[in-house]
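These notes concern the structure reproduced below.
The values are calculated or read from the model by the stated rules, or taken from the named source; none is laboratory data. Computed from a prediction, not measured in an experiment: that's the story for all the values here. Quick reminder, even Gly has a Cβ in these numbers, built from the backbone with ideal geometry, and neighbours come from all protein chains shown.
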Amino acid sequence: MHRKSLSITLIILCQVACMTLWFSASAAVPNLISTGQITGERGSLLTGAVQIGFVFGTLISAFLGLADRFDPRRVFAFSAVLGSVINAFILVVGFNDPWTIPLRFLTGAIMAGIYPVGMKMAAGWAQRNMGLMIGALVGAVTLGSALPHLFTSLSDLDWRTVIGAASISTLLGAGGVLLIALGPAHRKAGRFRPTDVVAMLRRRSVLLANGGYLGHMWELYAMWTWIGAFLAWGLQQDSGVTIGTDPALLTFFVVSSGALGCLAAGVLADRYGRTVTTMVAMAVSGSCAAVIGLTPAMGPWVMLTVAMIWGVSIVADSAQFSAAVAELSEPELVGSMLTVQTCLGFLLTSIAIQLVPVMADWFTWRYAFVFLSIGPFLGVLSMWRLRNQPDAVRLANGRG
């Protein structure tokens, strides 16, 4: 048990340490824009380049079967070291250099060897608590995603400090991951063939699990990206506003609250079933997306209450889709299946993120998030159909 606890703790710590590569620019960009060092358009390109790079990297990783053919600790460590070096190059070229966008793209591509690989290692230790195991991992990543907003609200950190700290923490993660022991459920592919992954993707139960995941992802990153702008707008709607807190700090609380949702959903999914837990979470988050634009008229406390409920529920189910795919896939293909799943999800997020400001321009922030509710409600339908599949018995120790 000690070996298992130590390994899982190290997986979580190394994952968070290395995910700082993804969010290092996000923490620096707001101050750079506010001081006029870069434009808002360039800031968006810096963020978008990482996500597109991640999609590219996951495609390559899945095609080559990197997470299943090789020791995941070495894949993780090599990716982290390479990512740290690429990220550190920004210290040399700065944020306005033509090379900065390609560097951020390469950083995203490298993350394909970190995020899904970390989930595979966590799944290797899961026995009867797959949901909680991956939920703890995604919860930690959620907290890491929120930290840039905290940095923005509490300090004016020089961007060099942010970038340098991210590279150093990633190197520490690369060293730490080599101390992890692989779990008893870990399997290595004896002979990897991309056609095996395609065949697994066509399995009806896997299709439905990924359908639920895509519905969830349609909403998640678009909300995380734009909830700060919405809160700033919402606070301005009340001339007698009683909350003087920086919107960036409020955004930190809203996004970071999802870490609690991940843990709670992990416990509930292992006990009552993945399909039920994900359907409830998506129904709640989709409802919040549909109505939150109306809440500023009811007062800032109502708006923040709904935002917090949305923050908890919107990511609570995230890990359960990964757990479901891990349970539905053949053990020797789990790494590749998780890689493909995240690839499809992040490709979809890049579309939704760009649509939110368009909707805000057309319909104002009051209705800008309504279209996001389409994703979770389609996801509910997908998971309901999965619950009625014979393969559902493989989920959550037979609980579906």
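Structure summary
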item	result
Answer from 75, 85 - the residue that is at pLDDT 80 or above, surrounded by 20 or more Cβ atoms within 10 Å (Cβ to Cβ), β-branched (Val, Ile, Thr) and under 30 Å from residue 122 (Cβ atoms)	75
The lone exception for residue 10 - which of (1) assigned to a helix (DSSP H, G or I); (2) at pLDDT 70 or above; (3) more than 24 Å from residue 346 (Cα to Cα); (4) out of contact with any Leu (no Cβ under 7 Å at 6 or more places or on another chain) it fails	(4)
Residue among 384, 362 that is in contact (Cβ under 8 Å) with a residue 24 or more places away in the chain and out of contact with any Lys or Arg (no Cβ under 8 Å at 6 or more places or on another chain)	384
Answer from 291, 280 - the residue that is under 14 Å from residue 131 (Cβ atoms) and either buried (at least 20 other Cβ atoms within 10 Å of the Cβ) or not charged (D, E, K, R) (or both)	280
Qualifying residue in the stretch 286-302 (condition: more than 20 Å from residue 228 (Cα to Cα), in a helix (DSSP H, G or I), hydrophobic (A, V, I, L, M, F, W, C) and out of contact with any Ser or Thr (no Cβ under 7 Å at 6 or more places or on another chain))	no
When residues of the stretch 172-203 are limited to those that are surrounded by 13 or more Cβ atoms within 10 Å (Cβ to Cβ), at pLDDT 70 or above and not hydrophobic (A, V, I, L, M, F, W, C), the one farthest from residue 318 (Cα to Cα)	175
Residue match in the stretch 319-341 (condition: surrounded by fewer than 24 Cβ atoms within 10 Å (Cβ to Cβ) and without any contact (Cβ under 8 Å) to a residue 40 or more places away in the chain)	no
Conditions (1) modelled with pLDDT under 95; (2) under 16 Å from residue 321 (Cα atoms); (3) surrounded by fewer than 17 Cβ atoms within 10 Å (Cβ to Cβ); (4) touching a helix residue (DSSP H, G or I) at 6+ places or on another chain (Cβ under 7 Å); number of the one not met by residue 262	(3)
Sole residue being small (Gly, Ala, Ser), assigned to a helix (DSSP H, G or I) and modelled with pLDDT of 90 or more, chosen from 283, 319	283
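Here's the yes/no breakdown for (1) at pLDDT 90 or above; (2) surrounded by 21 or more Cβ atoms within 10 Å (Cβ to Cβ); (3) over 19 Å from residue 170 (Cβ atoms):
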position	(1), (2), (3)
40	no, no, yes
57	yes, yes, no
81	yes, no, no
98	no, no, yes
113	yes, yes, no
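A quick yes/no check of all residues on (1) over 14 Å from residue 376 (Cβ atoms); (2) among the β-branched types (Val, Ile, Thr):
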residue: 278; (1), (2): no, yes
residue: 296; (1), (2): yes, no
residue: 313; (1), (2): no, no
residue: 316; (1), (2): no, no
residue: 319; (1), (2): yes, no
residue: 342; (1), (2): yes, yes
residue: 356; (1), (2): yes, yes
